[in-house]
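A.B. asks: Following this message is one structure expressed as structure tokens.
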Amino acid sequence: MPLFQKPAGTPEEIAASRPLEIQPAEVATFDEETWYRRAFRGENAPQLTLRAVVLGSLLGFLLAFTNLYVGLKTGWGLGVAITACIVSFSLWNLCLRIGLARSPLSILESNCMQSTASAAGYSTGSTMVSATPALLMLSVTAENPTGRHLPWPVLAGWTFFLALLGVALAIPMKRNMINQEKLRFPSGIAAAVTLQSLYSQGKEAAAKGKALFYAALVAAVPPLIMDLPFRRPTPERPYKGLVPDTSSIFDWLPVPGRDPKTGAGFHASDWNFVLDNKLVMIAAGALTGPRICFSMVVGGLILMYSVGPAAVADGAARSAGRAWRDIGIWIGAPMMISAGLLTFFTQWRTIVRAMGGFGRTGKSTYATAEVPGSWFFGLGLVATVGVLFIGHTQFFIPWHLGLIAVLLTFFLSLVACRATGESDITPIGAMGKVTQLVYGVLIPQNATANLMTASITANAAASSADLLTDLKSGYLLGAHPRRQFLAQLMGVFTGTAATIIGFRLLVPDASVFTGSGGAQPTFAAPSAQAWLAVARVFQEGIGHLHVMARHGMVWGLLVGSILSALEIALPKYRRFIPSPIGIGLGFILPFFNPLSMLLGAVGAWLWSRRNPAHADRYVVPVSSGIIAGESIVSVAIALVNNVFLRR
């Protein structure tokens, strides 16, 4: 049997490739044998075609830049499957109209395409916004203030083997979690419903595609006029672009604190209370929602009006503009850690179900299209050997401790995938922190090993959960599981290349995270900052911290635990309880980021109140278009600035 299938060409083949008459919601209720009888499209239905994989790889390559860019800004990754579905459907129809394509892309081909794009654009990037930037910042010294990058072959191998490990770990979970327990995997359901609606409502699909395209064009303009060096900086105009990337329009607001060197009172802009003139964080806020964004602003205001001035006066923060890095990190990171871990460990039923359900797939004469167990052992062995070899030779992780990390990753990925299936939230941050705490005890002086063992868990968990989410959408559309798995596997290669290229372009050195010459850093990298803080505590000991930072850690752990406990105890009132994750992020981000996200969240909320149907149709395409437009153009500008114009 050839690897790639031939696309449907004749009218009969095209008709046979049409979407199921059964809606995804009904398919979701089928048991395994009913699914094989009524929903499975069979062995010969075209889905793993060369054109689907190529299109998914190209889209995933570009979307990987968007996730990397947003991840370095906010610490979050955004799913790309729905965006890939809308873009590919619109592009292929355009190709049909102008004669570049001869036959339509079937719904199962589109499903395979979004699996490839999702693997490339999402599942390979977790380590690039957490452990890898943290390791770069860890290498900064007085003699080498820009830090030291990992050699790109090492980074590429590490990224590839971690993603491969996650893909392999998902194989034994699929039948149990999707076919038999029928876990929801809400994002997978959303992708399937989106594809079904695109193929049944062509006009709506075209409208969404246009909205995404026009939003991308608008968002591409700010980085062009702000980041390209059109002019030489001067003391009066310290920016290189035609216009600055922030505006100090809030300096009329009263803010506390005085500069200890000059005695002059601070302005709002000194605390990063400025307007970000770019659009990506507004779009991210529209997708995130009001509760998290409002909580982030609350955290930022507490830092600005309470903690920050005291830290500057006491010497715990070097300046108002650096307060979020000097003192905020020691409050926000513990808050996020305690909240994530408490939530994780209180989901003990999920953990028990995950361990109890593993391997109980039962026997079925219908399960001939499933991924065989031999693939799990083969791919898992290759990935494990690759991870252990690079971990030992490059990060000084002893062989036996590296193997323990892989085994721990299997357990934690199992739990993370079940959490994703039940709630659509993949707790990769909490997973990484569990590993950091374990290795902080096993090898406390090795901060590099602490970071990179945690990245094994976080990246593999993200990759496993992403694959199962995509397999859920395929299940609802009647796709061939083994062929969809191969499509996802192919996306790992493209995603590895894209994330390495994007990271090296966006991050020429550590100054983009630490700032230089008194300027704010280009990327706040909150996930990396939190990981680095934990690693340094274990490496240097808590006694090396400023006393105010030590007190901040206690308060952060306490407040994070209390707010998480309230969320768990009062689920009906959860929307009224400030998010501990949001408040923690507000402490470790420059204030203009939470402010922009709140503007986006409020705008999307007002839109949904005024016209719910219109907002439901266009918020995601418009926001995704803004993120894609600014991110891709910013990567291109980074290429120009760092390669062609670098002096």
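The values are calculated or read from the model by the stated rules, or taken from the named source; none is laboratory data. Small disclaimer: the values here were computed from a predicted structure and weren't measured. Cβ coordinates were reconstructed from backbone atoms using ideal geometry, including for glycine residues, and neighbour counts include every protein chain displayed. Accessible surface is based on the protein model in full, side chains and every heavy atom, while ligands, DNA and RNA are left aside. Shrake-Rupley method; radii C 1.70, N 1.55, O 1.52, S 1.80 Å.
A.B. asks: Could you do me a favour and compute the accessible area per residue for segment 443-560, 1.4 Å probe, result in Å²?
C.D. replies: It amounts to 28 Å² per residue over segment 443-560.
A.B. asks: Quickly rank 89-98, 332-341, 102-111 as a protection proxy: mean count of other C-beta atoms within 10 Å, highest first.
C.D. replies: Sorting 89-98, 332-341, 102-111 by mean packing, highest first, produces 332-341, 102-111, 89-98.
A.B. asks: If you roll a 1.4 Å probe over the chain with all protein chains in place, what percent of the accessible area is carbon or sulfur?
C.D. replies: Answer for the chain is 65 percent, counting heavy atoms of protein chains only.
A.B. asks: Mind checking the full-extension length gain between residue 403 and residue 243? Use 0.36 nm per residue of separation minus the Cα-Cα distance, one decimal, nm.
C.D. replies: Working: separation 160, 0.36 × 160 = 57.60 nm, distance 5.17 nm.
Going from the current span to full extension adds 52.4 nm.
A.B. asks: Please arrange 475, 214 by accessible surface area, largest first, computed with a 1.4 Å probe and ligands excluded. Each step should come with its number before you reach the end.
C.D. replies: Values: 475 5, 214 135 Å².
Output order, biggest surface exposure first: 214, 475.
A.B. asks: Here is a follow-up. Any idea how far apart residue 15 and residue 259 come out in nm if each label point goes 7 Å out from Cα toward Cβ?
C.D. replies: 7.9 nm
A.B. asks: Tell me which residues come under 5 Å, amide H to amide H, from residue 246 once H is placed; ignore anything under 5 positions away on its chain.
C.D. replies: Counting only residues 5 or more places away or on other chains, the set is 277.
A.B. asks: Here's another thing I want to ask about it. Simple spin-label model, 7 Å along Cα-to-Cβ: residue 252 to residue 551 in nm?
C.D. replies: 3.6 nm
A.B. asks: Next question. If the reach is capped at under 29 angstrom between alpha carbons, list the lysines near residue 278, excluding any in the same chain fewer than eight residues apart.
C.D. replies: Within reach: 73, 208, 210, 240.
A.B. asks: Normalised by the number of residues in segment 498-642, what is the relative contact order in percent for Cα pairs under 8 Å and 6+ residues apart?
C.D. replies: 27 percent
A.B. asks: Please give the per residue accessible area of segment 193-277, computed with a probe of 1.4 Å over protein heavy atoms only, in Å².
C.D. replies: I get 59 Å² per residue for segment 193-277.
A.B. asks: With axes computed from alpha carbons, what is the tilt in degrees of helix 186-200 against the longest principal axis of the chain, rounded to the nearest 10 within 0 to 90?
C.D. replies: 60 degrees
A.B. asks: Continuing with the same structure: Show me the ranking of peptides 142-150, 56-64, 180-188, 597-605 by mean Cβ neighbours inside 10 Å, starting with the highest.
C.D. replies: 56-64, 597-605, 180-188, 142-150
A.B. asks: If packing is taken as the mean number of other Cβ atoms within 10 Å per residue, what is the order of 124-131, 397-404, highest first?
C.D. replies: So the peptides 124-131, 397-404, ranked by packing, come out 124-131, 397-404.
A.B. asks: Work out, step by step, the length gained on full extension between residue 445 and residue 641: first 0.36 nm times the residue separation, then minus their alpha carbon distance; give nm to one decimal.
C.D. replies: In short, 66.8 nm is gained.
A.B. asks: Tell me, what is the percent relative contact order of the chain, built from C-alpha pairs under 8 Å that lie six or more residues apart?
C.D. replies: 31 percent.
A.B. asks: Sticking with this one: With a 1.4 Å probe and every protein chain left in place, tell me how much accessible area residue 33 has, in Å² to the nearest 10.
C.D. replies: That residue has around 80 Å² of solvent-accessible surface.
A.B. asks: Straight-line reach from residue 174: which aspartates and glutamates fall under 20 Å, measuring Cα to Cα and dropping same-chain residues less than 8 apart?
C.D. replies: 26, 31, 32, 33, 43, 370, 422, 424, 466, 470
A.B. asks: Using only Cα atoms, find the angle between the long axis of helix 399-423 and the longest principal axis of the chain, and express it within 0 to 90 degrees, rounded to the nearest 10.
C.D. replies: 70 degrees
A.B. asks: To continue, here is another question. With a 1.4 Å probe and all protein chains left in place, how much accessible area per residue does segment 42-132 have, in Å²?
C.D. replies: 29 Å²
A.B. asks: While we're here: Below 8 Å between Cα atoms, with a sequence gap of 6+, how large is the relative contact order for segment 31-127 in percent?
C.D. replies: 45 percent
A.B. asks: While we're looking at this one, here's another question. Does segment 505-643 come out rounded, prolate or oblate, given a ≥ b ≥ c as the square roots of the eigenvalues of its C-alpha gyration tensor, rounded meaning a/c under 1.5 and, failing that, prolate meaning a/b above b/c?
C.D. replies: oblate
A.B. asks: Further, regarding this structure: List the residues whose amide H sits under 5 Å from the amide H of residue 139, counting only those 5 or more places along or on another chain, with H placed 1.01 Å from N in the peptide plane.
C.D. replies: The answer is 148.
A.B. asks: So, one more: Summing -39500 (n - 2.57) over the DSSP H runs of n ≥ 4 in the chain and dividing by its residue number, what mean residue ellipticity at 222 nm do you reach, to the nearest 500 deg cm²/dmol?
C.D. replies: That comes out to -21500 deg cm²/dmol.
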